[in-house]
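Student: Before anything else, here's the structure in question.
The values are calculated or read from the model by the stated rules, or taken from the named source; none is laboratory data. None of the values given here were measured: they were computed from a predicted structure. Methodologically, a virtual Cβ is constructed for each residue, glycine included, from the backbone with ideal geometry; neighbour enumeration extends over all protein chains shown. With ligands, DNA and RNA removed, areas are computed over all heavy atoms of the protein, side chains included. Shrake-Rupley method; radii C 1.70, N 1.55, O 1.52, S 1.80 Å.
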Amino acid sequence: MVKGWNWDGFFDYLTNYYLFEGALVTLGLTVFAMTAGLAIGFALALMRMSKHKFISAPAVFYIWVFRGTPLLVQLIIIYTGLPQLGIKFTVLQSVLIGLAMCEGAYLAEILRAGISAVPAGQINAARAIGMKESQVMRYVIAPQALRIVIPPLGNSVNSVLKTTSIASIISMEELLRRTQVLIQERFLVLELFIVAALYYLAMTTIWDLIQRRIEARFGKAYGPMSIDKQ
Amino acid sequence: MTDRETVIEMQDVNKWYGESFQVLKNCSLTVGKGEVVVICGPSGSGKSTLVKCVNALEPIQQGTITVTGVEVNGAKTDLPKLRARVGMVFQSFELFPHMTIMENLCIGQRKVLGRSDDEAEAKATMLLERVGLLAQAQKYPGQLSGGQQQRVAIARALAMDPVAMLFDEPTSALDPEMINEVLDVMVALTQEGMTMMVVTHEMGFARKVADRIVFMDEGEIVEIGDRGTFFDDPKTERAKSFLSKILAH
C-alpha cells in the first residue's frame, strides 16, 4: 500500500514544539563546539607553530589523533568506553567534550593557516615600533589572520551544525534524536525527516547570511575582492 | 664626526645564516648624533641585514651593537623599549592594512608609549600635515599610492619620537615618479638633524645629504668615506667597480 504524502502530518511536525526544542539544542551544541573549539584550536595552533619540539609535538599528535578518527568513534569511547576505567560522564558532558576536542583539532589547522598567512614584514613592522610579542599578536597578526580565516571558519560552523547530529548515537536529545523518537508515533518517515532537513537548512541558511555580513565588515579596509587585481 | 655624541655603535659584528653562510663579517661602524650615513653596495652584500641588526630584527652571533649606550643584544635588554626608540622604514612600507592611516600612526604611541588618544592624535595630525597627507587620515593604506604609503610609514616611525631612523631601501619598491616625494621627506628630516642610517641606491640623495657613505660587499664594510671623496675618489677597486656600474648612465 502506498501511503503518499501527508500534508497534515507534515504541518504537525513543522509546528511540533518537541522538535523545535531539539533544533535549539542543536544550535546550542554548535555555539558551544565553536567557542570551545576556537579556544582549544588557538592554543594548539600557537603550540604547533613553536620552534621548540617539546611544545609543538604534543599539538601535532593531538591534531593527528582527533582529525584522524571519526567523531562517532570518539563519542562512543568517551561515553561508553571510559566508564570501564572508572571515568564517567553524562551524555551531555560526553557530547560537549567530544565536540570541543574534535572541533579544536580542525580549527587549530584553520587558525594556523591564517596566522602563517600574515606576512613576516608585518610582524617586523610591529616589533620595530616597540610592540611586545603579545601586542604584535593582538593588534597586528590576529586581526589580519581573522579576516583570512573567516570563510573557512564559517564553513566549520555550517559543518558543525550538521555534525552535532552524530551525538544522537549516544542518545543526546538534539534535533535528529528527537526526530527518530517521533517516528514511533505515526511512521510518517518522509514528512518527519523532511521537517528535520528543513530545520537544518534554515539554520545553515541563516548562518550563511550572518557570515556574509561578517566578511563584509572585516573586509572593509580592503575594498571588494577580485581575482584580476593583485 | 669627531665631536658628535655616539648614537649607534657597531663593533666587530659577525652574523651567519645557518652554519656556513656568513652575511656580516667584522662590521664596525659608529653613527653620531645628527649624522646621516648612507649604506650602499651590490645586492646580497648585507646592507639590509646590517640595519636590521641595529634594532635586533635580525640577531647577531658575534660582536656588540649599542644604541645610545644600551646593548642591543644584551640578555637583560628590554627589546621592545629599545625598538620603540629607533624608527624603521621598510622597502615594502608595511603599514598595517586593517587600520586607517590615523590608526597606523596612533597604535604605537598609545599601546607602546602609553599616550592618551588625544595626545597621539595630535602628534599624528602634526606629522601627517608635515608629510602632506592629512587629507588621507581616515583612509586605509590600500587606498593610497606607494609614495603616499611610504610617507605615512615615515610619519608612523617619527610618531614614536625616535633617537635615530633606519631606512631599508625606502624607495626601491616605488614607481619612479613617486621616489622624489619620499626623498623630499627624508631630506627635510636630515635638515632637522635626525640621526639616520639609510640603505639606498639613490646616489643623488647620498651625494646631497650623506655625511658618510658606507660601501659594503660580500658582508664586509669595504670602504667608508665622506660624500665627496667616496664618489669622486673611491679608495678601493671594489667601490670603483660598483660606482662605475651604477653611475654608467
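Student: Among (1) in contact with a Gly (Cβ under 9 Å, 6 or more places away or on another chain); (2) buried (at least 19 other Cβ atoms within 10 Å of the Cβ), where does B:S28 come up short?
Tutor: (2)
Student: Right, here's the next one. Please specify each residue of segment B:113-136 satisfying the condition of being in a loop (DSSP other than H, G, I, E, B) and more than 14 Å from chain A (Cβ to nearest Cβ).
Tutor: B:S116, B:V131, B:G132, B:L133
Here's the yes/no breakdown for (1) in a helix (DSSP H, G or I); (2) in contact with an Asp or Glu (Cβ under 7 Å, 6 or more places away or on another chain); (3) modelled with pLDDT under 95:
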| site | (1), (2), (3) |
| --- | --- |
| A:K3 | no, no, yes |
| A:L24 | yes, no, no |
| A:F32 | yes, no, no |
| A:G37 | yes, yes, no |
| A:A45 | yes, no, no |
| A:K51 | no, no, yes |
| A:I55 | yes, no, no |
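Student: Tally time: how many residues in segment B:55-88 are open to solvent by 10 Å² or more (accessible area, probe 1.4 Å), more than 8 Å from chain A (Cβ to nearest Cβ) and in a loop (DSSP other than H, G, I, E, B)?
Tutor: 13
Student: If I filter segment B:89-102 down to residues being touching a strand residue (DSSP E or B) at 6+ places or on another chain (Cβ under 6 Å) and open to solvent by 10 Å² or more (accessible area, probe 1.4 Å), which single residue comes out as nearest to the other protein chains (Cβ to nearest Cβ)?
Tutor: Let us first name the residues in segment B:89-102 that are touching a strand residue (DSSP E or B) at 6+ places or on another chain (Cβ under 6 Å), namely B:89-91.
Narrowing further to those that are open to solvent by 10 Å² or more (accessible area, probe 1.4 Å): B:90-91.
Details: B:F90: 6, B:Q91: 9 Å.
Here the residue is B:F90.
Student: Something else about it: For segment B:31-41, give me each residue that is surrounded by fewer than 22 Cβ atoms within 10 Å (Cβ to Cβ) and not in a strand (DSSP E or B). Outline the logic, then answer.
Tutor: Start the filter on segment B:31-41 by keeping residues that are surrounded by fewer than 22 Cβ atoms within 10 Å (Cβ to Cβ), which leaves B:32-34.
B:K33, B:G34 - these are the residues of segment B:31-41 that are surrounded by fewer than 22 Cβ atoms within 10 Å (Cβ to Cβ) and not in a strand (DSSP E or B).
Student: Also, quick follow-up: For segment A:91-196, which helices (runs of 4 or more DSSP H) that fit wholly inside it have 3 or more residues that are within 13 Å of another protein chain (Cβ to nearest Cβ), within 30 Å of B:L57 (Cβ to Cβ) and open to solvent by 10 Å² or more (accessible area, probe 1.4 Å)? Step through it out loud before you land on a result.
Tutor: Working: elements: A:91-117, A:120-128, A:142-163, A:175-186.
Result: A:120-128, A:142-163.
Student: Now a separate question. Name every residue in segment B:1-25 that is open to solvent by less than 20 Å² (accessible area, probe 1.4 Å) and more than 17 Å from the chain's Cα centre (by Cα), in order of residue number. Even if it seems obvious, please write down each step before you answer.
Tutor: Quick first cut of segment B:1-25, residues open to solvent by less than 20 Å² (accessible area, probe 1.4 Å) only: B:7-8, B:10, B:13-15, B:23-24.
Answer for segment B:1-25, where residues must be open to solvent by less than 20 Å² (accessible area, probe 1.4 Å) and more than 17 Å from the chain's Cα centre (by Cα): B:V13, B:N14, B:K15, B:V23, B:L24.
Student: Turning to a different aspect of this structure: Take the residues in segment B:103-112 that are part of a helix (DSSP H, G or I) and within 21 Å of the chain's Cα centre (by Cα); name whichever of them is surrounded by the most Cβ atoms within 10 Å (Cβ to Cβ). Spell out how you get there, then give the answer.
Tutor: First pass over segment B:103-112, keeping only residues part of a helix (DSSP H, G or I): B:103-111.
Now drop any that are not within 21 Å of the chain's Cα centre (by Cα), which leaves B:104-109.
Working: B:N104: 26, B:L105: 29, B:C106: 22, B:I107: 22, B:G108: 26, B:Q109: 24.
It comes out as B:L105.
Student: Inspect segment B:42-50 for any residue being within 28 Å of B:Q150 (Cα to Cα), touching a Lys or Arg at 6+ places or on another chain (Cβ under 6 Å) and either modelled with pLDDT under 95 or in a strand (DSSP E or B) (or both) and give the result as yes or no. Break it down into steps so the answer makes sense when it comes.
Tutor: We begin by selecting, within segment B:42-50, every residue within 28 Å of B:Q150 (Cα to Cα); these are B:42-50.
When the remaining residues are screened for being touching a Lys or Arg at 6+ places or on another chain (Cβ under 6 Å), the result is none.
Within segment B:42-50, none of the residues are within 28 Å of B:Q150 (Cα to Cα), touching a Lys or Arg at 6+ places or on another chain (Cβ under 6 Å) and either modelled with pLDDT under 95 or in a strand (DSSP E or B) (or both).
Student: Restricting attention to segment B:169-183, does a residue exist that is in contact with a Gly (Cβ under 8 Å, 6 or more places away or on another chain), within 14 Å of another protein chain (Cβ to nearest Cβ) and of a type in the set (A, V, I, L, M, F, W, C)?
Tutor: Within segment B:169-183 (the criterion being in contact with a Gly (Cβ under 8 Å, 6 or more places away or on another chain), within 14 Å of another protein chain (Cβ to nearest Cβ) and of a type in the set (A, V, I, L, M, F, W, C)), the answer is yes, since at least one residue qualifies.
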